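Here the structure comes first, spelled out in C-alpha cells, and everything after it is commentary.
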Amino acid sequence: MRISYLFIVSAAMMLNSSAFAQRFEVSGDYSYFHYNPTITGFQSRSFNGGGAGVALNFAKLFAIKGDFQGYGSTDWTFTTQAPIAAPAGGTTIPTGTKITTKANMFTYLLGPEVHIQTSRFKVFGEVLLGGAHTSGYTNLYNAEGFAHNPSQHPFTMAIGGGLDVKANKHIGIRLGEFDYVLTRFTNVFTNSNNQNSFRYLGGVVFYFGGD
C-alpha cells in the first residue's frame, strides 16, 4: 500500500501543470540485470531487456525520477543440495533434483536524483524505491507440482548513478547508469530474501522544457 501511495502522489506531481514549467527528461534504454538468488545451488542469472524513465527537475541539482524496466525470459536451472519439504499438498523434492524453468523480471521504481550538469555532460546519483516481479519462483513451484502458486511484488531498491552526454539541447546519450539493486523475494525452498544484484542501463535521453 505504501509503495502504491508513493506512485499515486508522484504521478500527480508529474501531471501538475506547474511542474512542466521546469525541464524534464524522457529516456529509453537497454538494460542488463545480473540477478543473484538466495537459493543454494541456484546460480546467478543474467537478464537482458530495456525500458523507459522520466525525470522532472525541480531545482538546479535535484529531480524526481521514475524508472520502469522489463527483462525477457531466460532459463533458470536449480539443483537441490538437500531434500526440500514442499508446502502442504506437495511432494518432497529429493537431493540432486534438477529443475529448469523460464523466468522474466520487471521493476518499477521512483525516487530522488541529484545531478551536476554542464553544457555537455550530466553526472547523476539516485536512490530509487519501488517493487519488482518475476515469474521465476512461480515457475519453480509449478515445475514440482506444488499446491500453491505464489505471486510476489516485493520491496525493491536501486542505488547508483551514471553519466549522460548531450548531443544538443534536445537529445543526449546515456553512456552508462550503474546500480546496486536490492530485491526481497521470498521462496519456499529456503524461506530467505534480500537478493543483492546489479544492473546497467544505456540509451537515449530527450530533453523538454526549460531554457
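The values are calculated or read from the model by the stated rules, or taken from the named source; none is laboratory data. Worth saying up front: this structure is predicted, and the values here are computed from it rather than measured. Ideal geometry is used to build each Cβ from the backbone, glycine not excepted, and the neighbour counts take in all protein chains shown.
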Close pairs (7 angstrom Cβ cut-off, 6 or more residues apart or separate chains): closer than 19 Å to Val181 by Cβ in the stretch 104-124, hydroxyl-bearing (Ser, Thr, Tyr) and part of a strand (DSSP E or B) anywhere: Asn104/Tyr71; Asn104/Ser73; Asn104/Thr134; Met105/Tyr35; Met105/Tyr71; Met105/Thr134; Thr107/Thr156; Leu109/Thr156
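Could you go through the stretch 30-42 and let me know if any residue there is more than 19 Å from Gly160 (Cα to Cα), surrounded by fewer than 14 Cβ atoms within 10 Å (Cβ to Cβ) and not hydroxyl-bearing (Ser, Thr, Tyr). Break it down stepwise before answering.
First, the residues of the stretch 30-42 that are more than 19 Å from Gly160 (Cα to Cα): 37-42.
Remaining after also requiring surrounded by fewer than 14 Cβ atoms within 10 Å (Cβ to Cβ): 40.
This time we only want the ones that are not hydroxyl-bearing (Ser, Thr, Tyr), so: none.
So far as the stretch 30-42 goes, no, none of its residues is more than 19 Å from Gly160 (Cα to Cα), surrounded by fewer than 14 Cβ atoms within 10 Å (Cβ to Cβ) and not hydroxyl-bearing (Ser, Thr, Tyr).
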In the set Ile116, Ile99, the lone residue that is at pLDDT below 75 and part of a strand (DSSP E or B) is Ile99
Leading residue by the ranking (modelled with the lowest pLDDT) among those in the stretch 39-80 that are within 22 Å of Phe178 (Cα to Cα) and not in a strand (DSSP E or B): Gln43
